[in-house]
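Each value in this text was obtained by applying a stated rule to the coordinates, not by laboratory testing. What you see is a predicted model; the values in this text were computed from it and never measured. When we count neighbours, we look across all protein chains shown, and the Cβ atoms used for this are built from the backbone with ideal geometry, even at glycine.
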Amino acid sequence: MATNDKQTEQLGSQTALPASPDAAKLERVANPHPDTDYVARFTCPEFTSLCPVTGQPDFAHLVIDYIPDGWLLESKTLKLYLHSFRNHGAFHEDCTIAIGKRIAAFIEPRWLRIAGYWYPRGGIPIDIFWQTGTPDKGVWIPDLEVPSYRGRG
């Protein structure tokens, strides 16, 4: 999880896909507005991982919101990190919480929330939500705006 805080190494260069989430390297850049509370949002509507029991693919729509402090999460490395789950076997809860905890530990935001909207497995959709605490009053936190799974009816 080491990073070069003065510059990014992967941005602007061809980068191979990480073999696993543990092998993926996140990078961060200095927040140009550390004196301002604002929310940054990443949305990944095509997240995939593998069921650790059956090996079948699982699909999710992830939404990651955070209030930056000194660092911003570099988006290319986030994309590579999320893509590294494609051949990784883990339950929905593990994927969602592990992603949120790793990002929070790495960029140390004032607040972070992750929502994982997982498509049905065995006929039951599973939605996972985690956050680091309560955001400061006065910070506008947008709604997640992801509808609950309704199937075809």
Using DSSP loop states and a limit of at most 12 other Cβ atoms within 10 Å to flag trypsin sites (Lys or Arg not before Pro), what is the longest stretch of the chain containing no flagged site?
7-136
Check F91: other-chain or 5+ apart residues with amide H under 5 Å from its amide H, H built from backbone geometry?
none
Can you give me the long-range amide H partners of W71? Hydrogens built in the peptide plane at 1.01 Å from N, cutoff under 5 Å, separation of 5 or more residues or another chain.
N31
So what are the ³J(HN,Hα) numbers for the range 105-120, from phi and the Karplus equation (6.51, -1.76, 1.60; θ = phi - 60°), rounded to whole Hz, Gly and Pro as x?
5, 7, 9, 6, x, 5, 7, 9, 9, 10, 10, x, 9, 8, 6, x
Linear extension gain, T134 paired with K25, 0.36 nm per residue minus alpha-carbon span
36.5 nm
Computed ³J(HN,Hα) along the range 14-19: with the Karplus parameters 6.51/-1.76/1.60, θ = phi - 60°, integer Hz and x for glycine or proline, the list is 5, 10, 6, 5, x, 6
Starting with the fewest neighbours, write out C51, C95 ranked by other beta-carbon atoms found within 10 Å of each beta-carbon.
C51, C95
Can you pull the Kirkwood radius for the range 37-131, inverse mean 1/r over Cα pairs, to one decimal in Å?
13.5
Of I64, I141, I114, the most mobile residue in a GNM of the chain (C-alpha springs, cutoff 10 Å) is I141
List, in order, the whole-Hz ³J(HN,Hα) value for each residue of the range 77-91 obtained from phi through the Karplus relation with A = 6.51, B = -1.76, C = 1.60 and θ = phi - 60°; use x for Gly and Pro.
5, 5, 4, 5, 4, 5, 5, 5, 7, 4, 10, 9, x, 6, 5
In nm, give the distance between the simple-model label positions of R86 and E9, each being 7 Å from the Cα along the Cα-to-Cβ direction.
2.2
What is the calculated FRET efficiency for S148 to A105, with r their C-beta to C-beta distance and R₀ = 30 Å, to the nearest 0.05?
0.50
Roughly what % antiparallel, to the nearest 5, for the DSSP beta bridges in the range 37-131?
95
